[in-house]
Amino acid sequence: MATFFNSDPAPARRAGFGKRVSTHLALALVSFCLLQIFIVARMGGSLVLHLGIIIAIGGFAVAARSLEHRWDLLDRSGLSRERLRLRYRRDVLQLWGISLFGALLWIPIAAIFRALFG
């Protein structure tokens with residue numbers, strides 16, 4: 001777990017924070033998609049819920065692209081490494097929290113949908 005949030009890579013592999021955020025974004029998007037599909041499939045999802053998944057994934061992708069662009073700008077901004085490290089940790093924690101718990105929002109939505117429409 002320490003290497004997961006380690007923001008000081010080995011000197012030979014000094015990748016910018018933007019590239020590292022991009023990697024987290026790709027993994028978070030995949031986990032977000034898989035969790036949504038699994039939850040809706042287990043809840044007996046209908047076509048409407050599957051269309052909702054497509055919209056949610058599209059929204060996540062747009063938000064992810066804006067975060068990636070933000071980090072490209074932050075990498076070039078000239079901020080100190082310590083300030084970038086603090087922002088990186090905060091953004092990564094928020095990203096994974098949103099991607100994991102956001103997918104869990106389908107549980108109450110599917111339950112309500114099933115109660116209303118059988």
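The values are calculated or read from the model by the stated rules, or taken from the named source; none is laboratory data. Bear in mind the structure is a predicted one, so any value in this text is a computation, not a measurement. Note that each Cβ is placed from the backbone with ideal geometry, even for glycine, and that neighbours are counted across all protein chains shown. Please note that ligands, DNA and RNA were not included when accessible areas were found on the heavy atoms of the full protein model with its side chains. Shrake-Rupley method; radii C 1.70, N 1.55, O 1.52, S 1.80 Å.
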Checklist entry - Under 8 Å by Cβ, and 6 or more places apart or on different chains, what pairs join a residue from the range 38-58 that is free of Cβ contacts under 8 Å to residues at least 60 places away in the same chain with one that is open to solvent by 40 Å² or more (accessible area, probe 1.4 Å)? => result Gly52/Ile109; Ile53/Ile37; Ile57/Leu29
Checklist entry - Leu95 fails exactly one of the following numbered conditions: (1) aliphatic (A, V, I, L, M); (2) more than 15 Å from Phe32 (Cβ to Cβ); (3) touching a residue at least 40 places away in the same chain (Cβ under 8 Å). What is the number of that condition? => result (2)
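Yes/no per residue for (1) among the basic types (Lys, Arg); (2) under 21 Å from the mean Cα position of the chain (by Cα); (3) over 20 Å from Thr23 (Cβ atoms):
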position	(1), (2), (3)
Gly78	no, no, yes
Arg87	yes, yes, no
Asp91	no, yes, no
Gln94	no, yes, no
Leu100	no, yes, no
Leu105	no, yes, yes
Pro108	no, yes, yes
Phe113	no, no, yes
Phe117	no, no, yes
Checklist entry - Among (1) without any contact (Cβ under 8 Å) to a residue 24 or more places away in the chain; (2) within 10 Å of the chain's Cα centre (by Cα), where does Phe32 come up short? => result (1)
Item to check | Matching residues, the range 16-55, being open to solvent by less than 30 Å² (accessible area, probe 1.4 Å), modelled with pLDDT under 90 and of a type in the set (A, V, I, L, M) | outcome: Ile39, Val40, Leu49, Ile53
Checklist entry - Do the conditions hold for Asp91, that is, is it touching a helix residue (DSSP H, G or I) at 6+ places or on another chain (Cβ under 9 Å), among the acidic types (Asp, Glu) and at pLDDT below 90? => result no
Checklist entry - What number of residues within the range 59-71 satisfy the criterion of being free of Cβ contacts under 8 Å to residues at least 12 places away in the same chain and open to solvent by less than 50 Å² (accessible area, probe 1.4 Å)? => result 1
Checklist entry - Can you name the residue in the range 82-118 that is of a type outside the set (Phe, Trp, Tyr), over 29 Å from Gly52 (Cα atoms) and in contact with a Phe, Trp or Tyr (Cβ under 9 Å, 6 or more places away or on another chain) and, of all such residues, is least open to solvent (accessible area, probe 1.4 Å)? => result Leu84
